[in-house]
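Below you'll find the structure, written out as structure tokens, and then a few comments.
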Amino acid sequence: MNNSLAGKVALVTGGSRGLGAAIAAALAQQGASVAITYVASAEKAAAVVAKLEKTGVSALAIRSDQGDPASAGRLIDQVVARFGRLDIVVNNAALAIQGKRIDDPEIDNAALDRQWQVNVLGVVATIRAAAPRLTEGGRIISVGSGLGSRVGFAGTTDYAAGKAAIVGYTKGAARDLGPRNITVNVVQPGVMATDMAAGSADKLPPSFMDTHAINRFATVEEVAAVITFLAGPDAGYITGSVVDVNGGFTA
Ligand SMILES: NC(=O)c1ccc[n+]([C@@H]2O[C@H](COP(=O)([O-])OP(=O)(O)OC[C@H]3O[C@@H](n4cnc5c(N)ncnc54)[C@H](OP(=O)(O)O)[C@@H]3O)[C@@H](O)[C@H]2O)c1
């Protein structure tokens, strides 16, 4: 373990599996205490907590539905009550409803509306609840998507637009919170082999990976490493930025 985040407290939304679990592990590896959220995967969340605790840090799993805007305040209260402070917030939890064009009569508008609630309004609610509680020099990092900058294929309009909205919110929040030396950034991953991609990879055009400079998926560890850097002491002057980790998808 390196100790660049020793004494810090991090919240990672959606930490029960996929990228969120990798981010939680990478932050713990740097000595941070870590709270994760989940909504359905209680057992997986408990397993992540056990793994984090084995590295010597304190960890906590909280069931908190990011689609319910009222849950954000309770979530931040629980983290501060348990750890006494909050230094780092990683907005990772999201859904991906993809595959149908917006003129498809079979499109599921209720599912798309829920996606906006979770992916956009839930992130906004978390940032609003966390901002007054974050320590001086705190960090907010939201996980966007390469699709927030370049859509690349059909059937992903609402998901891409939601990720683009997070970029605008991040830039505004960076301006608002700069006087407290709190940095606010977005990391935009490319495709990673998580459960989310398993649900949508078969809907990608076969030539999709050819549009990348590096023709492979990202690993969750590669993305988590960039987020951990942004959370750390060497990234104090990076704010309002969009960092692509997408193999050149947007090059
Ligand atoms: N995978 C990709 O190819 C890819 C590419 C670009 C960007 N991203 C972004 O990367 C981030 C992580 O994606 P992933 O691939 O790791 O996804 P994933 O494998 O589907 O995992 C999603 C995580 O979010 C949690 N979650 C889902 N809905 C939630 C809600 N309403 N409230 C709280 N937690 C909720 C899940 O908890 P439960 O286990 O309880 O359901 C799980 O921990 C997302 O922001 C995604 O948009 C992913």
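The values are calculated or read from the model by the stated rules, or taken from the named source; none is laboratory data. No experiment lies behind these values; they were computed from the predicted model shown. Every residue, glycine as well, gets a Cβ built from its backbone with ideal geometry; the counts of neighbours run over all protein chains shown.
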Item checked: the stretch 150-171, subset closer than 16 Å to GLN115 by Cβ and of a type in the set (A, V, I, L, M), residue surrounded by the most Cβ atoms within 10 Å (Cβ to Cβ) -> ILE166
Item checked: the stretch 142-164 residues that are without any contact (Cβ under 8 Å) to a residue 60 or more places away in the chain and over 20 Å from PHE229 (Cβ atoms), paired with ones that are among the hydroxyl-bearing types (Ser, Thr, Tyr) and in a helix (DSSP H, G or I) (beta carbon under 7 Å, 6 or more apart) -> LEU147/TYR159
Margin query: Could you tell me how many of the residues in the stretch 106-123 are β-branched (Val, Ile, Thr) and more than 14 Å from ALA93 (Cβ to Cβ)?
Written below: 1
Next item on the list: Go through the residues of the stretch 94-108 one by one and say whether even a single one is of a type in the set (Asp, Glu), within 17 Å of TYR38 (Cα to Cα) and either surrounded by fewer than 15 Cβ atoms within 10 Å (Cβ to Cβ) or free of Cβ contacts under 8 Å to residues at least 60 places away in the same chain (or both).
Entry: no
Note to self: Can you find a residue that is in contact with a Ser or Thr (Cβ under 6 Å, 6 or more places away or on another chain), of a type in the set (A, V, I, L, M, F, W, C) and part of a strand (DSSP E or B) anywhere in the stretch 192-203?
What the structure shows: no
Check: Is it the case that LEU86 is buried (at least 19 other Cβ atoms within 10 Å of the Cβ) and either closer than 19 Å to VAL187 by Cβ or within 16 Å of the ligand (Cβ to nearest atom) (or both)?
Finding: no
Next item on the list: Considering each residue of the stretch 58-83, count those that are buried (at least 22 other Cβ atoms within 10 Å of the Cβ) and either at pLDDT below 95 or assigned to a loop (DSSP other than H, G, I, E, B) (or both), and give that number.
Entry: 2
Margin query: part of a helix (DSSP H, G or I), among the acidic types (Asp, Glu) and over 15 Å from the mean Cα position of the chain (by Cα): is that true of ASP113 in this structure?
Written below: yes
Check: away from the ligand (no atom under 12 Å from the Cβ) and either within 30 Å of ILE76 (Cα to Cα) or in contact with a helix residue (DSSP H, G or I) (Cβ under 7 Å, 6 or more places away or on another chain) (or both), is that true of ALA131?
Finding: yes
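Rundown of residues vs (1) aromatic (Phe, Trp, Tyr); (2) away from the ligand (no atom under 14 Å from the Cβ), yes/no style:
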| residue | (1), (2) |
| --- | --- |
| ALA160 | no, no |
| GLN188 | no, no |
| SER207 | no, yes |
| PHE217 | yes, no |
| ALA225 | no, yes |
| ASN246 | no, no |
| THR250 | no, no |
Check: Here are some residues: ASP210, ASP176, ASP202. Which one is over 23 Å from GLY18 (Cβ atoms), at pLDDT below 95 and of a type outside the set (S, T, N, Q)?
Finding: ASP210
Notebook entry, point to check: Considering the stretch 25-57 alone, what residues qualify as being in a loop (DSSP other than H, G, I, E, B) and farther than 21 Å from PHE229 by Cα?
Noted result: VAL39, ALA40, SER41
Check: For the stretch 144-188, what are the residues that are assigned to a loop (DSSP other than H, G, I, E, B) and either under 22 Å from ALA131 (Cβ atoms) or touching a Phe, Trp or Tyr at 6+ places or on another chain (Cβ under 8 Å) (or both)?
Finding: GLY144, SER145, ARG150, GLY152, PHE153, ASN181, ILE182
